[in-house]
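Data first, discussion second: the structure below is written as C-alpha cells.
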Amino acid sequence: MTDSAPRPTRQASPDRLAMLGGARAVPRSHRIPAWPLVTDADREAVLRSLSSGRFTTAAVGEREIESLEREWAERTGTRHCVMVSNGTAALSVALGALGVEPGDEVIVPALSFIASAVAPLHVLAVPVFVDIDPRTYNMVPELIEAAITPRTRAIVVVHLHGLPAEMDEIRAVADRHGLAVVEDAAQAHGAAYRGRTVGSIGEVNTFSLNVSKNLATCGEGGLITTDDDGLARRAAMLRQFGEVATKKAERSYVGHLLGFNHKPNAIQAAFTRSRLERFDEEAKLRDENVRRFLGRLAALPGLLVPEVPDDRDHAWHILRFRTDPGAWDLAAGYAGPLRAALMRALRAEGVPAGHYQMMSLPQQRVFRERLGFGGLPWQLPGVSPRAYRAEDQPTALAVIDDSFTLQKAHLSPSAGPLLSAYADAFEKVWAHRDVVARHAVSMEYRTPWETAEGIAADEWAEAAG
Ligand SMILES: Cc1ncc(COP(=O)(O)O)c(C=O)c1O
C-alpha cells in the first residue's frame, strides 16, 4: 500500500486515533491466543502414536488413521472417510476418484484459496470460474448454470470462511446437468446447511486439517468423506500409488490405477483425534464470542458484518467485513480507499485487520498465463483456448477491494476478552469517521491485486536471482 498516513503527533491520548499518535485501543498486553491450543491430552496422543511405531496407512496394524476416519465419518453422517496428507491432496484425490479426466471442466468459485482451483489442474482438468454472492461470498447457483458446457464434469463448492453455500440450489443445477458435486469444506468443519452437516451433501467432499483450520492437526492433513463405496475405495487407492489397501502383512506394491502418494501420517491423526474431543465445546464458545463481537460491530454505520442465513450454521473460520462508502458520504468509487483507510486505522489500534486473498483466482498467474504442465490442460485436443478475465467475475473483485478480514485471533475459545477489546477499537475508529473519510479521499490508492502484483514481481525477481 502506498497511501501516505497523516503525520503522527507526540501525544498518546486515548481519544486520539492511534494512527495519529494516540494510545492504542487494544493494549499490547492483549495477545492473540495460540491456535491450535496444545494440551497434555494432545501430547499424550502424539506420544502414544510415536510409541506404536506405526506411522502411515501402509503400516500394518496402524490404528490412529483408521480411527480418525471412522470418527469423522460418524460426525459427518457419511459412510466413509479417507484421510490424506492435506486438503489440496484431498481435492485432487476426490476429483480423480470421480473419474474427472484430462480436458474435463470443473466449476470453481472465483474467490477461494488457490488450492480449490489448482486441484482440478493436478488431474489435468480445466477450472472454470463462477462469481460469488456479495453477502455470503459463496458461488451463485444461477451463474453456475451459465458456466456449464458439454465438457463440465464437476462443481467444486467452497463453503468460504465457514458459511455453507446454497447447497440445494447447487444440487438442483448439478442434477439437471448430470454433474458431480464436491464440497470443499476446508474452512467449514462442523458447519451445517438446513440441518445437514457440510461434507455430507456432495458426492465426495473434502476437509483440510492444516494448523490454521478450525479442526487442526499439528501440521498438515486432509479428510475425504463420501457415502459411495466405490468412490471411497478409489480414493483410498489413489492416495497410495493406486494400490489396493490391504490389512494383510504382505503389501503387493501393484499399482492398479495411476495413483498419488498422499498418505497421511499417524501422528497427525492422533493429534486431531485428541482435538476432536474438544471440538464441539470449542465451536460453541467460538460461536458465542463471535456473535457477541459481531453484535457490537453491527451497530456501526457503513460496516457490513458477516451474515448467517437462518437455515445455516456458520463455522466462523474467517470474519470478513465489507465497507459501504455511501454510509460515509463518500462516492462508490471510494470503497477501496475507505477499506484501506479503515484497515490502517484499525491496525494502528491493535486490530490485525488483513486481506484474505488479494486477487481473485482468475487473476492468479497460474490461470491468467495458463501456466499448466507444458501447456496442458489447455492445449489438450478439444479444449477451448479459454482466456481467464478477472472482470468476468466482478463481485469477487469488488469484495476483495472493499473488504478486510480477521483471521485466527477469534478461533480460540478464550478469545472473548480480545474480541471485546477489538470491538472497542472499531468503536473508537468509528467515533473519528471524519478523519478516516478524509484519509480515504486523500490517499494514493492501489487495489489489493495491484499491490499483490508488485509483491509478486519483487518475489519473482528475487527468486530468479
Ligand atoms: C477453501 C480451501 N480449500 C482447500 C484448501 C487446501 O488445504 P491444505 O492447505 O490442507 O492443502 C484450503 C486451505 O487453506 C482452503 O482454505
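Things worth noting here:
- Amide H within-cut-off set for THR56, under 5 Å, with H built and near neighbours excluded: ALA266
- Charge dipole of the chain (Cα centre as origin; +1 on each Lys and Arg Cβ, -1 on each Asp and Glu Cβ, all else neutral): 1100 debye, rounded to the nearest 20.
- Inverse of mean 1/r across different Cα pairs in the range 128-220, Kirkwood, Å: 13.6
- Trypsin sites (Lys or Arg not before Pro) lying in DSSP loop within the range 212-301, provided at most 16 other Cβ fall within 10 Å: LYS247, LYS248, ARG251
- For the range 198-242 versus the range 395-413, the gap between their alpha-carbon centres in whole angstrom: 25
- Under 10 Å, Cβ to Cβ, from TYR388 - net charge with Lys/Arg +1 and Asp/Glu -1: +2
- Loop-resident trypsin sites (Lys or Arg not before Pro) (DSSP state other than H, G, I, E or B) in the range 350-387 with no more than 16 further Cβ atoms inside 10 Å of their Cβ: ARG386.
- Model label zone, ARG438; criterion: amide N under 20 Å from point 7 Å along Cα-to-beta-carbon; scope the range 310-336: 325-331, 334-335
- The range 170-267: C-alpha gyration tensor shape, a/c 1.5 cut-off, then a/b vs b/c: oblate
- Size descriptor, Kirkwood hydrodynamic radius, that averages inverse alpha-carbon separations across the range 40-275, Å: 17.8
- Charge dipole (debye, nearest 20) of the range 40-275; +1 at Cβ of Lys and Arg, -1 at Cβ of Asp and Glu: 740
- Loop-resident sites, the range 223-317, for GluC sites (Glu not before Pro), counting at most 10 other Cβ within 10 Å (DSSP): GLU250
- Where only C-alpha atoms are counted, convex hull volume of the range 30-118 per residue in Å³: 181
- A simple spin-label model places the labels of ALA457 and SER414 4.6 nm from each other, with each point 7 Å out along Cα-to-Cβ.
- Inter-site label distance for ARG233 and ASP392 at 7 Å from Cα along Cβ, in nm: 3.8
- Across all C-alpha atoms in the chain, the radius of gyration and Dmax reach 23.2, 74 Å.
- Rg and Dmax of the range 402-459, both derived from C-alpha coordinates alone, stand at 15.9, 40 Å.
- Amide hydrogen neighbours beyond the local backbone of GLY202, cut-off 5 Å, H modeled: GLU183
Computed from the coordinates by the stated procedures, all read-outs in this text should not be read as laboratory data. Quick caveat, the model's predicted, so the values are computed rather than measured. Please note: Cβ atoms are built from the backbone with ideal geometry, for glycine as well, and neighbour counts cover all protein chains shown.
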